[in-house]
Amino acid sequence: MRSGNPALKESTFLDLGSGTVVSRDAGAMTLGGTVNKTGFLLLLSVITAAFAWHQSIIIGADGLPTVAPGVTGYMLGGAIGGFILAMVTIFKKTWSPITAPLYALVEGFFLGSISAMYELRFEGIVFQAVILTFGTLFALLMAYRSGVIKATENFKLGVVAATGGIALIYLATIVLGFFNINIPYIHESGLIGIGFSLFVVVIAALNLVLDFDFIETGVEQGAPKYMEWYGAFGLMVTLVWLYIEFLRLLSKIQQR
């Protein structure tokens, strides 16, 4: 049960001490319950994203919309807060009925503020990214349910390896950025940069397939009820990543 998503990994449904499926005293995880909770998390993130969007855009002295001074606070606060809540959720899965909604709310501030910044620079880009994100979600869900795409062990291994490579590149970008060193080409709007972003989008999208398989496996194994929240949280993590990568890809294309 490999998944490139760090929230959904092989040992999630297992008791690390015995290697057996965790007990389910309060009922079992269901697919319908996970879907409903995923929708609820998305709704929470949209609410705070809309608020952050409204706070991030002001009308300047020239009468044109511009970025508000406090937009960085919403973006950094949402990103850092979301990361902390994600780590807590990953290591304390039983807390997911509380931490998953909190993660969605906090992540909404990040999504709303960064979306506003992209929209001010590239008009219409946010709508395009949203459509592409959910279009990809439903297309891959249909392909997975119909058996067109199967989460075989080799498929999982390839996606996880590619996801790890991307994570290392992003980590190197952050570390080198502290020394004012930029990795050439891949973060620029040239053909190499667009190709890199397209590759990342594909890998992020394929992680959705692993997430579907992971959730389905949890349902089949009779995971406890709170795992519905955890499964929804893991799917939310992938959707956020996919949306951000679509923004990056579309911005590079529009810069050319």
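Nothing in this text is a laboratory measurement; each read-out follows from the coordinates by a stated rule. Source: prediction; values computed, not measured. Cβ placement follows ideal geometry from the backbone for every residue including glycine, while neighbour counts extend to all protein chains displayed.
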Ranking 181, 205, 158 by how far each Cα lies towards the positive end of the charge dipole of the stretch 147-224 (+1 on Lys and Arg Cβ, -1 on Asp and Glu Cβ), the top one is 181
How would you order 216-228, 76-88 from highest to lowest mean count of nearby Cβ atoms within 10 Å? 216-228, 76-88
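Quick one: length gained pulling residue 143 to residue 83 fully straight, 0.36 nm per residue minus the C-alpha distance? Before the final figure, lay out the partial values.
Details: separation 60, 0.36 × 60 = 21.60 nm, distance 3.06 nm.
Full extension from residue 143 to residue 83 adds 18.5 nm.
For a Förster distance of 25 Å, can you work out the FRET efficiency between the beta-carbons of residue 94 and residue 181, rounded to the nearest 0.05?
The formula returns an efficiency of 0.05 here.
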Please work out the FRET efficiency for the pair residue 168 and residue 198, using the Cβ-Cβ distance as r and a Förster radius of 22 Å; give the result to the nearest 0.05. 0.70
Euclidean distance of C-alpha centroids, the stretch 174-221 and the stretch 93-165, integer Å: 11 Å
If you place +1 on the Cβ of every Lys and Arg and -1 on the Cβ of every Asp and Glu, how big does the dipole about the Cα centre of the chain come out, in debye to the nearest 20? 120 debye
Cβ-Cβ FRET estimate between residue 59 and residue 150, R0 fixed at 45 Å, reported to 0.05: 0.30
Using only the alpha-carbon atoms of the stretch 167-234 as identical scatterers, what base-10 log of I(q)/I(0) does the Debye formula give at q = 0.20 Å⁻¹? -0.83
Mind jotting down a quarter of the surface of the convex hull over the alpha carbons of the chain, in square nanometres, one decimal? 15.0 nm²
Residues meeting the amide H criterion for residue 57 (H placed from the backbone, H to H distance under 5 Å, 5 or more places apart or on another chain) are 68
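Peptides 143-155, 197-209: what's the order by average Cβ count within 10 Å, highest mean first? Display every interim value, and only then the final one.
On the way: 143-155: 12.5, 197-209: 21.0.
Ranking, from highest mean packing down: 197-209, 143-155.
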Calculate I(q)/I(0) for the stretch 84-198 by the Debye formula, one identical point scatterer on each C-alpha and no solvent, and give its log10 at q = 0.14, 0.17, 0.23 Å⁻¹ to two decimals. -1.05, -1.49, -1.26
For the chain, what is the calculated [θ] at 222 nm in deg cm²/dmol (nearest 500), taking -39500 (n - 2.57) for each run of four or more DSSP H residues and dividing by its residue count? -25000 deg cm²/dmol
Which listed pairs, of 92/156; 93/252; 37/92; 150/252; 37/156, have C-alpha distances above 28 Å, in listed order: 93/252; 150/252
Go through 168-174, 45-51, 113-119 and give me the packing order, highest mean Cβ count within 10 Å leading. 113-119, 45-51, 168-174
